[in-house]
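The values are calculated or read from the model by the stated rules, or taken from the named source; none is laboratory data. Predicted model, so just to flag it, every value in this text is computed and none were measured. Positions of Cβ are backbone-derived with ideal geometry, glycine not excepted, and every protein chain shown enters the neighbour counts.
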Amino acid sequence: MERVFRVLAILACITVGLSAGSPQRALAQDAIFFNKRGIEYYKKGQYDKAIANYNKAIKLNPKYTIAYNNRGLAYSKKKLYNKAIANYNKAIKLNPKFAITYNNRGRAYYLKKAYGKAIADYNKTIQLNPKYVIAYKNRGLAYYTKQAYDKAIADYNKAIKLNPESAIAYNNRGYTYYSKKNYNKAIADYNKAIKLDQEFAIAYNNRGLVYYDKKAYDKAITDYNKAIKLDPKYAIAYNNRGLVCYDKKAYKKAIADYNKAIKLKPNYAIAYNNRGLAYFHKKVYNKAIAGYNKAIKLDSKYANAYNNRGLAYFHKKAYDKAIADYNKAIKLNPRFAKAYNNRGYAYYFKKAYNKARVDVHQAQSLGYNVEKKFWGKLRRDSGREQ
């Protein structure tokens, strides 16, 4: 059985780059007036109105660097990253020493998954302003995403040195330690983050993940409960609390948490997959399959959901459908040892012993511990010793 997926939350530093310019008298047709009004709309989440005002500011003053930067931020919030980058480019052309804009452009590149370009921009930001804490945190996140964990930790260390009160930096460094399986250091960082910000729901969730991996389930649930209390719309925390219930075989409670996560986040493929697994263990295979169907519809490259649906079909004795799903899982992840093992079982029950043997060998070669009893049956029924 494929293990239930966890969602790991990391708080990326919110980009800070809105600038109102120097205090001046704001006339109705003044570029500064429109820039300021754009900022107010931006803060309210009214990004189209913000952009309209920045447009007016730029029309009145085509060399208004700050307005280009701020319009870039609004486009980034709308996920129009190419337009955001174009605006940052213009701001940088007008003022090549505008550190904030390099940081903001780096963030846009990061969101486009152009991590190398993001890091280059953060490097430039830090070169221009070596005390720019946000840039260290953002570069740390980029290094983390590239799995350069030691470099990420070095950046978070620098951010903490510059600002010892940064709960975000402690949270993110804790997350990185977690990824290195250094659980004690991770917990220490989450403790510090929570001490600095007692309403930091993400830090409680992340500490819960560490306790979950340490099988300290009661502590994990306590942290997820706190995260949910602080943020009742925190879908990830409901999903993660569901995981603990799942591991404790409290499937009804797990399903209730997955239901809540899905209600809050209807496109949450992982929660559908996880709910499917809970139904699977309750032997409600049709509901399990329905959950996997939804997960796959939301994420057509979700190899684990194909594998899990294959297991449900296998238990319904629909071996051809099971094999089709295992095929898809393996195509998406050619090193998916469990899928090879599971397909081997399906071939065995179809009496395709040679194919079963090939798959089981492949699962073993990838590090999967194939059941000795199954090996014995396969050898006996195929009439061949390995």
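So here's what we get for this one:
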item: Output for the stretch 118-137, where each listed residue is over 16 Å from K161 (Cβ atoms), crowded, with 24+ Cβ neighbours inside 10 Å and of a type outside the set (G, A, S); result: D121, Y122, T125
item: The stretch 225-241 residues that are surrounded by 24 or more Cβ atoms within 10 Å (Cβ to Cβ) and at pLDDT 95 or above, paired with ones that are acidic (D, E) and in a helix (DSSP H, G or I) (beta carbon under 8 Å, 6 or more apart); result: Y238/D257; N239/D257; R241/D257
item: Number of the condition not met by K146 [criteria: (1) crowded, with 16+ Cβ neighbours inside 10 Å; (2) within 21 Å of N103 (Cα to Cα)]; result: (1)
item: Filtered residues of the stretch 243-276 (kept if among the charged types (D, E, K, R), part of a helix (DSSP H, G or I) and surrounded by fewer than 22 Cβ atoms within 10 Å (Cβ to Cβ)); result: D247, K252, K253, K260, K263
item: Given (1) under 30 Å from W375 (Cα atoms); (2) not in a loop (DSSP other than H, G, I, E, B), index of the condition K317 fails; result: (2)
item: Cβ pairs under 6 Å, 6+ apart, first in the stretch 311-323 and modelled with pLDDT of 95 or more, second part of a loop (DSSP other than H, G, I, E, B) and not small (G, A, S); result: Y319/K350
item: Residue check, K151 touching a Phe, Trp or Tyr at 6+ places or on another chain (Cβ under 7 Å), free of Cβ contacts under 8 Å to residues at least 12 places away in the same chain, crowded, with 16+ Cβ neighbours inside 10 Å and in a helix (DSSP H, G or I); result: yes
item: Conditions (1) charged (D, E, K, R); (2) modelled with pLDDT under 50; (3) surrounded by 18 or more Cβ atoms within 10 Å (Cβ to Cβ); (4) more than 24 Å from the chain's Cα centre (by Cα): number failed by R71; result: (2)
item: So N308, is it of a type in the set (S, T, N, Q), over 26 Å from G208 (Cα atoms) and part of a helix (DSSP H, G or I); result: no
item: Count - residues of the stretch 156-199 that are outside any helix (DSSP H, G or I) and closer than 16 Å to Y212 by Cα; result: 3
